[in-house]
Amino acid sequence: MRLRGRKGTREELERQTDLVVLDPRAYKGRWAERFGNANPIHVELGMGKGRFITQLSAQNPDINYIGIDMFDQLLHRGADKAVKARAEHGRPELRNLALVLFNIEHIEDIFAEGELERVYLNFSDPWPKKRHHRRRLTHPNFVRKYIRLLNANGEIHFKTDSEMLFEFSLNSFADLGLRMRNITFSLHRDGNPAFNVMTEYEAKFVEQGKPIYRCEVVVGSAALERHEAVLAEADKPARPSIRQEA
Ligand SMILES: C[S@@+](CC[C@H](N)C(=O)[O-])C[C@H]1O[C@@H](n2cnc3c(N)ncnc32)[C@H](O)[C@@H]1O
């Protein structure tokens with residue numbers, strides 16, 4: 001991602017204490033205190049310019065959202081977008097979003113076990129060279145960390161334009177014994193699905209006509225039970241229709 005530096009960005013971030021968190025280690029195990037409620041916490045790892053997480057947070061006031069990235073400029077853009085998204089949704093008072101400056105490699109330093117309900121991985125860097133595969137955010141070493149941080153309702157939602165990263169990631173999830181659902185090799189085949197909030201990268205790739213790969217990973221025990229129940233329901237034979245006597 002190309003970033004144009006601007007003087008004073010860090011100072012501005014330091015002033016935006018309602019949205020921006022520059023010392024996330026201080027909140028490990030205490031994010032509920034920061035949000036002032038015990039609502040579920042959904043995290044986007046590598047939020048970029050923040051379109052996805054700011055839109056979701058404005059749409060869903062009963063979920064707490066955290067967007068993480070490692071560049072000041074991106075957090076700054078995200079903060080601007082959050083203010084705009086809240087205004088557009090007529091909810092300028094919302095406080096359910098935190099934008100965090102941090103390197104995801106050390107994610108276990110900022111969240112306690114079971115503190116998260118959902119991890120979003122959107123268009124993570126593909127790191128094509130074999131010697132860099134360990135840096136992929138869906139490498140088993142990362143996914144093991146996410147599993148520890150997710151609660152009983154925990155899920156991972158992953159989308160990418162990279163076929164190669166998608167293949168790698170499906171194998172990574174499968175190697176860890178995780179269940180996957182709603183796997184698609186073309187999320188936008190019939191237009192943008194109603195549930196889907198597009199990211200900046202996604203909008204660009206869709207415009208170029210590239211397919212978007214997506215899957216959901218069911219991690220927590222309660223999430224798994226719900227998924228099994230949905231499958232069992234779908235498997236039931238259709239009820240015979242009652243024949244009307246003449
Ligand atoms: C390809 S961009 C995707 C941005 C956004 N999710 C989207 O779909 O538009 C990947 C983002 O992940 C961030 N990122 C990559 N590795 C990271 C790490 N270890 N810690 C924090 N952010 C990271 C990058 O800075 C970049 O903003």
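Looking at (1) within 11 Å of the ligand (Cβ to nearest atom); (2) open to solvent by 10 Å² or more (accessible area, probe 1.4 Å); (3) farther than 27 Å from L13 by Cα, can you tell me which one A152 breaks?
Answer for A152: the failing condition is (1).
Please find, among I63, I68, the residue that is open to solvent by less than 50 Å² (accessible area, probe 1.4 Å), among the aliphatic types (A, V, I, L, M) and in contact with a Phe, Trp or Tyr (Cβ under 6 Å, 6 or more places away or on another chain). Steps first, answer last, please.
Numbers: I63 fails: in contact with a Phe, Trp or Tyr (Cβ under 6 Å, 6 or more places away or on another chain).
Unique residue meeting the criteria: I68.
Report whether or not R86 is more than 27 Å from N151 (Cα to Cα), in a helix (DSSP H, G or I) and within 12 Å of the ligand (Cβ to nearest atom). So that I can check it myself, show each step before the final result.
Values: more than 27 Å from N151 (Cα to Cα): yes; in a helix (DSSP H, G or I): yes; within 12 Å of the ligand (Cβ to nearest atom): no.
No; evaluated as a whole, the condition is false for this residue.
Please go through the stretch 116-147 and give me each residue that is away from the ligand (no atom under 12 Å from the Cβ), open to solvent by 30 Å² or more (accessible area, probe 1.4 Å), out of contact with any His (no Cβ under 8 Å at 6 or more places or on another chain) and touching a residue at least 60 places away in the same chain (Cβ under 8 Å), ordered by number.
Within the stretch 116-147, just I147 meets the criteria.
Would you be able to say whether some residue in the stretch 23-35 is within 21 Å of D72 (Cα to Cα), in contact with a Leu (Cβ under 8 Å, 6 or more places away or on another chain) and either among the hydrophobic types (A, V, I, L, M, F, W, C) or in contact (Cβ under 8 Å) with a residue 24 or more places away in the chain (or both)?
Scanning the stretch 23-35, I find at least one residue that is within 21 Å of D72 (Cα to Cα), in contact with a Leu (Cβ under 8 Å, 6 or more places away or on another chain) and either among the hydrophobic types (A, V, I, L, M, F, W, C) or in contact (Cβ under 8 Å) with a residue 24 or more places away in the chain (or both), so the answer is yes.
Is it the case, given these coordinates, that V100 is hydrophobic (A, V, I, L, M, F, W, C) and either away from the ligand (no atom under 16 Å from the Cβ) or over 23 Å from E202 (Cβ atoms) (or both)?
Numbers: hydrophobic (A, V, I, L, M, F, W, C): yes; either away from the ligand (no atom under 16 Å from the Cβ) or over 23 Å from E202 (Cβ atoms) (or both): no.
No: the conditions fail for V100.
Tell me, please, whether a residue that is without any contact (Cβ under 8 Å) to a residue 40 or more places away in the chain, within 8 Å of the ligand (Cβ to nearest atom) and within 12 Å of A98 (Cα to Cα) can be found in the stretch 69-79.
yes
Given the criteria over 16 Å from the mean Cα position of the chain (by Cα) and within 28 Å of F195 (Cα to Cα), does H106 qualify?
Details: over 16 Å from the mean Cα position of the chain (by Cα): yes; within 28 Å of F195 (Cα to Cα): no.
Against the criterion (over 16 Å from the mean Cα position of the chain (by Cα) and within 28 Å of F195 (Cα to Cα)), H106 does not qualify.
Residue by residue through the stretch 20-50, note down the ones that are more than 14 Å from the ligand (Cβ to nearest atom) and buried (at least 20 other Cβ atoms within 10 Å of the Cβ).
Result: V20, Y27, W31, I41.
The values are calculated or read from the model by the stated rules, or taken from the named source; none is laboratory data. The structure presented is a predicted model; accordingly, all values stated were derived computationally and were not measured. For neighbour counting, all protein chains shown are included, and Cβ atoms are generated from backbone atoms with ideal geometry for every residue, glycine included. To get the accessible areas, we keep the full protein, side chains included, count just its heavy atoms, and leave off ligands, DNA and RNA. Shrake-Rupley method; radii C 1.70, N 1.55, O 1.52, S 1.80 Å.
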